[in-house]
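One structure is given below, encoded as structure tokens.
The values are calculated or read from the model by the stated rules, or taken from the named source; none is laboratory data. Computed from a predicted model, the values in this text were never measured in an experiment. With ideal geometry, Cβ positions are generated from the backbone for all residues, glycine too; neighbour counts draw on all protein chains shown.
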Amino acid sequence: MNDLSVQEMNQTVILNKGDVASKRAEIKTYFNYTWEQYELLFDVLASDEVFYERPQPLRHPLLFYVGHTATFFVNKLVLGKLLSERINPRFESLFAIGVDEMSWDDLNDAHYEWPQVAEVFAYRDQVKVAVNQVIDEMEITIPIAWESPAWTILMGIEHERIHLETSSVLIRQLDLSLVKSIDAFAPHEADGREAPQNELISVEGGTVELGRQTHEIYGWDNEFGETVYDVASFRASKYLVSNQEFLGFMEAGGYKQNGWWSDEGRSWREYHQADKPEFWRGEAGEYRLRLMTNEIALPMNWPVEICYHEAQAFCNWKSAQSGTSVRMPDEAEYRRLLESAGLDREHHTQSIEANWNLEQGASSVAVDRFAHGAFYDLVGNVWQWNETPIHAFDGFQVHPLYDDFSTPTFDNRHNLIKGGSWISTGNEITLGSRYAFRRHFYQHAGFRYIESDAEVKRDFDIYETDDLVSQYCEFHYGDEVFDVPNFAKAVAQVAMEATSGSIRDHALDMGCSVGRSAFELATQFKSVDALDFSARFIQMGAQMQRAGRIRYERKEQGDLTTFQERTLSAMGLDQPMDHINFMQQDACNMKARFTGYNLVLAANLIDRLSQPVRFLNDIAPRIQAGGHLVIASPYTWMEEFTPKENWLGGFKRDGEPVSTLDGLHTHLDAHFTLTAPPVKLPFVIRETMHKHQHSLSEVTIWKKK
């Protein structure tokens, strides 16, 4: 594409220097190189049929990820009003929502009709042209901050770079017959040496400050804010744990000794039937290592690649051997390690020699190849598991264009990985990057261990600080104001009264927000699906279900806030609630398995859908004969949410007014009977101590014929 090196092409853009013309050209080059590099990755698939393979049962087939990164650009550019219209609405729905490795997301191939591979790549070509045009025409000011149009472009680029890595892991989990080698992703050649003997090196403690304060380079929202830690002195392993060192744990019965595993780790090991690392093949004495497109004899001096549970079990075994406290470093200790080696700097300001950024080849290398001060591989080679669950720094704010990038992981169940791997590029290899995965998850990740008696914080009090989510937490679970009953509870009661005497097996709360109505329905129904498009909202409902409480920061006035804690028991909902299924879902593109309902509640939903008619048409066959559909809405139609041509009512047709109730009759009467005149339910949304929104929601109850 140009004369820049691979290292330079994979480095994220500096945002506070340069003139507008050169910065526009730099962003355009960065976008196109990333786009082409991502497509090149899929050239390792042996045939078009492989695109429909699912290497992991809780992941989509590989074709999804080809379309997903392009759809992400379109959806964010439309949301940011940088694109006036969609390119392919069907694709931009199909490829929009990925699958986190959350236990409640039960994926099934039968729920999706995947397009042809050529169609998806043709779509990518269209999106590429559109994004280049946006880059050519968008306004740029220096420095580029996160409200800038250019920030949205960079968000899409860095998102695709994340999927470059995660897709390479999925490809690595395919059957070997389904992939082929290409020069662009050729692995490094193993040298056949034994691993060096690991040893512990002392690291002096000190004060560590974490969190980005400026927009010098792109950062995800979880990187911003500030937290200060006092780190005690510790000793850390000179090398990453090698395959050879980990083999010692295995030969000591590491996968069989329950005492070295946490309860969570033991459950994972038994379910996964793990007896060796994920990428090892063969039997003892003849182990091979699966790389992305080939297998080689297990290189003893390469870093082992495992999940957190395996790393933790190794550390517990090591502790038993040494009689000391051995574990992985926490986030602050890892930064202290970088500081001890002078690596607490950005790679683009002073290059750091390491096996990352695709500079050395498409695989790990020996653990004693890249020295960083007294240590090796403090960055690069493989990601390093960390003891710290990802959490919000003080001052954290959600980016409005990607509101569910970080907050769904603030659950004390997603642990940080640090340092980057051989295929980590862009934001992934910046000093402040913070990526986290569930502890059973596989990336190109290994670990190093430390010896320390310092206590590790693994359980963070999660106070929701995002204004909108906190506002809805207060709306659903907070104090009543102006003598107006809690709406989420009241509308659920109306729905349950409507179904009195009917079968109450299966209910759906569509657009459940943060979940209060679902909990109310669960007192009467055998199972409740609670679905919402916002992962942030779903996260709060799931947290309330899991812990029986949520915490959030409530605005009072100006910068003054109070911290609120709400519990199910205080609301009289202290019975078992494990029959609620919280899950992210698009009301206009629901999976086929959501069906067979005796009740569907859609509260304050239809006037926030882009295609309300599609929802109404789709919901009818999902309800059992004699079942009920309860719709509540203030009918506040706005083009911000629903194109005017899609409004159900609130306009004139042929000079005559059309109400939303008229529109509901038009689309529901073929399958439903309105059981009673509409009723008005008031609701109040609290913004601050002295500002509230008071509205009326019209509730209609429809019985399936």
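Residue by residue, here is whether (1) modelled with pLDDT under 95; (2) surrounded by 14 or more Cβ atoms within 10 Å (Cβ to Cβ); (3) small (Gly, Ala, Ser); (4) part of a helix (DSSP H, G or I) holds:
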{"residue": "Val74", "(1), (2), (3), (4)": "no, yes, no, yes"}
{"residue": "Gly98", "(1), (2), (3), (4)": "yes, yes, yes, no"}
{"residue": "Phe121", "(1), (2), (3), (4)": "no, yes, no, yes"}
{"residue": "Asp125", "(1), (2), (3), (4)": "no, no, no, yes"}
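Residues in segment 268-318 that are farther than 24 Å from Val44 by Cβ, small (Gly, Ala, Ser) and loosely packed, with under 15 Cβ neighbours inside 10 Å: Ala284, Gly285.
For Phe234, the conditions (1) in contact (Cβ under 8 Å) with a residue 24 or more places away in the chain; (2) within 30 Å of Gly426 (Cα to Cα) are fulfilled apart from (2). Applying a threshold of 8 Å to beta carbon distances and a minimum spacing of six or more residues, or different chains, the list of pairs starting in segment 692-703 at a residue that is under 17 Å from Glu497 (Cα atoms) and ending at one that is among the charged types (D, E, K, R) and surrounded by fewer than 21 Cβ atoms within 10 Å (Cβ to Cβ) reads Glu698/Lys680; Val699/Lys680. Criterion first (more than 30 Å from Ala341 (Cβ to Cβ), under 29 Å from the mean Cα position of the chain (by Cα) and surrounded by 14 or more Cβ atoms within 10 Å (Cβ to Cβ)) does Leu164 satisfy it? Judged against the criteria, Leu164 is not a match. Before we move on, is Ile306 among the β-branched types (Val, Ile, Thr), at pLDDT 95 or above and in a strand (DSSP E or B)? Judged against the criteria, Ile306 is not a match. Within the option set Gly361, Gly395, Gly323, being modelled with pLDDT under 95 and over 27 Å from Glu223 (Cα atoms) holds for one residue only, Gly361.
When segment 233-260 is filtered for residues that are within 32 Å of the chain's Cα centre (by Cα) and closer than 19 Å to Asp330 by Cα, the ones remaining, listed by number, are Ala236, Ser237, Tyr239, Leu240, Val241.
Across segment 280-303, the qualifying residues are those that are in a strand (DSSP E or B) and among the aliphatic types (A, V, I, L, M), and the one among them that is nearest to Ala445 (Cα to Cα) is Leu289.
This table checks each residue for (1) exposed (fewer than 14 other Cβ atoms within 10 Å of the Cβ); (2) modelled with pLDDT under 95; (3) not assigned by TED's automatic domain parsing to the domain that holds Lys23.
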residue	(1), (2), (3)
Ser168	no, no, no
Ala195	no, no, yes
Val208	no, no, yes
Glu226	yes, yes, yes
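The listed residues are Ala392, Ala445, Ala454, and the only one of them that is under 15 Å from the mean Cα position of the chain (by Cα) and aliphatic (A, V, I, L, M) turns out to be Ala392. Of all residues assigned to segment 464-480, none qualifies as being modelled with pLDDT of 90 or more, closer than 24 Å to Lys704 by Cα, outside the structural domain of His414 (by TED's automatic domain parsing) and crowded, with 24+ Cβ neighbours inside 10 Å.
Being buried (at least 24 other Cβ atoms within 10 Å of the Cβ) and either touching a Phe, Trp or Tyr at 6+ places or on another chain (Cβ under 6 Å) or part of a loop (DSSP other than H, G, I, E, B) (or both) holds for only one residue in Gln384, Gln397, and it is Gln384.
For segment 320-341, residues that are under 20 Å from Gly211 (Cα atoms) and touching a strand residue (DSSP E or B) at 6+ places or on another chain (Cβ under 8 Å) total 12.
With respect to the conditions (1) within 30 Å of Ala96 (Cβ to Cβ); (2) outside any loop (DSSP other than H, G, I, E, B); (3) free of Cβ contacts under 8 Å to residues at least 60 places away in the same chain, Phe641 falls short on a single one, namely (2). From the list Thr675, Thr660, Thr636, Thr642, the one residue that fits, being hydroxyl-bearing (Ser, Thr, Tyr) and under 14 Å from Phe615 (Cα atoms), is Thr642.
To keep it simple, each residue is scored yes or no on (1) within 26 Å of the chain's Cα centre (by Cα); (2) part of a loop (DSSP other than H, G, I, E, B); (3) at pLDDT below 95.
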residue	(1), (2), (3)
Asn2	no, yes, yes
Gln11	yes, yes, yes
Asn16	no, yes, yes
Arg24	no, no, no
Tyr30	yes, no, no
Thr34	yes, no, no
Gln37	yes, no, no
Phe42	yes, no, no
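Within 30 Å of Lys703 (Cα to Cα) and either in contact (Cβ under 8 Å) with a residue 24 or more places away in the chain or not in a loop (DSSP other than H, G, I, E, B) (or both): is that true of Ala592 in this structure? Yes. Every condition in (1) in the same structural domain as Phe447 (by TED's automatic domain parsing); (2) more than 30 Å from Thr12 (Cβ to Cβ); (3) out of contact with any helix residue (DSSP H, G or I) (no Cβ under 9 Å at 6 or more places or on another chain); (4) not aromatic (Phe, Trp, Tyr) holds for Glu204 except the one numbered (3).
Selection over segment 417-427 of residues that are touching an Asp or Glu at 6+ places or on another chain (Cβ under 6 Å) and either more than 16 Å from Ser363 (Cβ to Cβ) or surrounded by fewer than 24 Cβ atoms within 10 Å (Cβ to Cβ) (or both) gives a count of 2.
Tell me whether segment 333-342 contains one or more residues that are of a type in the set (Ser, Thr, Tyr), crowded, with 22+ Cβ neighbours inside 10 Å and farther than 19 Å from Glu428 by Cβ. Among the residues of segment 333-342, not one is of a type in the set (Ser, Thr, Tyr), crowded, with 22+ Cβ neighbours inside 10 Å and farther than 19 Å from Glu428 by Cβ, which makes the answer no.
All conditions in (1) out of contact with any His (no Cβ under 9 Å at 6 or more places or on another chain); (2) closer than 30 Å to Val13 by Cβ; (3) part of a loop (DSSP other than H, G, I, E, B) hold for Arg336, with the sole exception of (3). With a requirement of 1 or more residues that are within 22 Å of Pro682 (Cβ to Cβ), the strands (runs of 3 or more DSSP E) lying completely within segment 492-571 that satisfy it span 506-510, 549-557, 560-567.
Take the residues of segment 129-171 that are free of Cβ contacts under 8 Å to residues at least 60 places away in the same chain and among the acidic types (Asp, Glu): which is farthest from Ala436 (Cα to Cα)? Step by step, filter segment 129-171, then rank; the result is Glu137. What are the residues in segment 73-96 that are more than 26 Å from Pro61 (Cα to Cα) and small (Gly, Ala, Ser), if any? Result: Gly80, Ser84. In segment 554-568, is there at least one residue being at pLDDT 95 or above, more than 22 Å from Leu605 (Cβ to Cβ) and either loosely packed, with under 15 Cβ neighbours inside 10 Å or of a type outside the set (Ser, Thr, Tyr) (or both)? Within segment 554-568 (the criterion being at pLDDT 95 or above, more than 22 Å from Leu605 (Cβ to Cβ) and either loosely packed, with under 15 Cβ neighbours inside 10 Å or of a type outside the set (Ser, Thr, Tyr) (or both)), the answer is yes, since at least one residue qualifies. Scanning segment 47-98 for residues that are over 29 Å from Pro149 (Cα atoms) and touching a helix residue (DSSP H, G or I) at 6+ places or on another chain (Cβ under 7 Å) gives Asp48, Val50, Phe51, Tyr52, Glu53, Pro55, Gln56, Arg59, Pro61, Leu62.
State whether one or more residues within segment 340-351 are within 30 Å of Tyr271 (Cβ to Cβ), over 26 Å from the mean Cα position of the chain (by Cα) and in a loop (DSSP other than H, G, I, E, B). Among the residues of segment 340-351, not one is within 30 Å of Tyr271 (Cβ to Cβ), over 26 Å from the mean Cα position of the chain (by Cα) and in a loop (DSSP other than H, G, I, E, B), which makes the answer no.
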